[in-house]
Structures are given as structure tokens and as C-alpha cells.
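Step one of this worksheet: look at the structure below.
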Amino acid sequence: MLNMMKKIMLFVDADACPVKKETIMIARSFGLEPVFVASYASYSLDREGTWVFVDQEKEAADLYIVNHVSANDVVITQDMGLAGLLTKRRVFVLNIRGLLIDERNVNMLLERRYQAYQALNAGKKVRGPRPFTSQNRKYFSEALTKLLCQLDH
């Protein structure tokens with residue numbers, strides 16, 4: 001399934017990512033060191049893992065990831081626009097709730113996001129995401145483990 005010449009990379013769109021600890025623990029159990037990409041506004045001395053800090057400009061972290069990712073790498077993000085770009089490049093995209101975003105579902109997810117923006121622009125009230133729960137954390141951990149198991153074989 002994978003080209004064994006290149007070790008897969010795991011990138012995390014890290015600004016406001018609630019599953020950093022789970023990502024580190026699971027990735028390291030597979031011999032991977034995740035790369036967390038965040039704006040300088042998120043800089044902290046209290047961090048674990050490999051971090052890349054980018055400008056605070058909108059989309060700077062996304063651009064870094066797009067420019068450094070390769071086919072068969074894994075990216076964790078909540079950004080559907082970024083996910084749309086990456087799935088076309090055969091990158092595995094996982095959201096923080098454990099949903100694998102791929103060619104089969106990315107267009108539907110992007111359409112849903114577009115419709116929400118249209119409703120907001122029309123002055124309608126749009127429900128935001130549900131609160132992030134311990135069950136979401138569990139689903140994410142299970143999904144990342146399953147994905148990395150599949151890529152490891």
C-alpha cells in the first residue's frame with residue numbers, strides 16, 4: 001500500500017487542535033514524530049513534539065502543510081478547505097472527531113460548509129459545532145490508530 005522508501009509524515013494543523021496529546025501518544029507508538037504547525041500566536045514553552053511556527057497570516061499554517069506534505073502522508077485538521085486540497089493529492093486527512101475525509105465525502109463536506117456561509121451572509125442563524133467531548137476524543141484516537149495500522153502494513 002505504501003512506498004516503503006519514504007516514511008510517512010503526520011502533520012497537525014495545530015492552532016486550536018484539542019487532540020495534541022492523543023496524536024503524540026498514538027503516532028509515537030507507530031514510530032512517527034508528528035509535526036505540529038501553528039501560528040506564532042500559539043507559541044508556548046509548554047509543548048511536546050516537533051513544532052513549526054508560521055506567520056499569523058490567515059492560511060499560513062495551511063500553506064506550510066500543503067507545501068510539505070506528500071501522497072500517503074497524514075494530516076489532522078478541522079479545516080475543510082485544507083482537507084479539500086489535500087485529498088486531491090492522495091493525503092489521508094482526519095478531523096479531530098475521527099472522521100476520515102477522502103474523495104468520497106470531501107465534496108459533500110465542502111458543500112455543507114458553503115451552505116452555512118451562505119446562510120450566515122443572508123443573516124440567518126447557523127448552529128456552530130457541537131462541544132468537543134470525551135467521546136469525540138475516543139473516536140479520534142480509535143480512528144488515528146486504525147489509519148496508522150492500515151498504513152503500517
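The values are calculated or read from the model by the stated rules, or taken from the named source; none is laboratory data. Keep in mind the model is a prediction, meaning the values are calculated, not measured. Please note: Cβ atoms are built from the backbone with ideal geometry, for glycine as well, and neighbour counts cover all protein chains shown.
Answer yes or no as to whether Glu59 is at pLDDT below 95, farther than 21 Å from Thr145 by Cα, surrounded by fewer than 17 Cβ atoms within 10 Å (Cβ to Cβ) and of a type outside the set (A, V, I, L, M, F, W, C). Considered against the rule, which asks whether it is at pLDDT below 95, farther than 21 Å from Thr145 by Cα, surrounded by fewer than 17 Cβ atoms within 10 Å (Cβ to Cβ) and of a type outside the set (A, V, I, L, M, F, W, C), Glu59 comes out as yes. Checked against (1) in contact with a helix residue (DSSP H, G or I) (Cβ under 7 Å, 6 or more places away or on another chain); (2) more than 19 Å from Leu100 (Cα to Cα), Asp46 passes all but condition (1). Which residue out of Ala14, Ala38 is in contact with a Cys (Cβ under 9 Å, 6 or more places away or on another chain) and among the aliphatic types (A, V, I, L, M)? Residue meeting the stated conditions: Ala38. Residues in region 101-147 that are within 21 Å of Asn72 (Cβ to Cβ) and of a type in the set (Lys, Arg) were compared, and the one that is modelled with the lowest pLDDT is Arg104. Exactly one residue among Phe30, Phe36, Phe92, Phe11 is modelled with pLDDT of 85 or more, under 27 Å from Gln135 (Cβ atoms), touching a Pro at 6+ places or on another chain (Cβ under 9 Å) and among the aromatic types (Phe, Trp, Tyr), and that residue is Phe11. Here Thr77 fits the description: under 13 Å from the mean Cα position of the chain (by Cα), of a type in the set (Val, Ile, Thr) and modelled with pLDDT of 90 or more.
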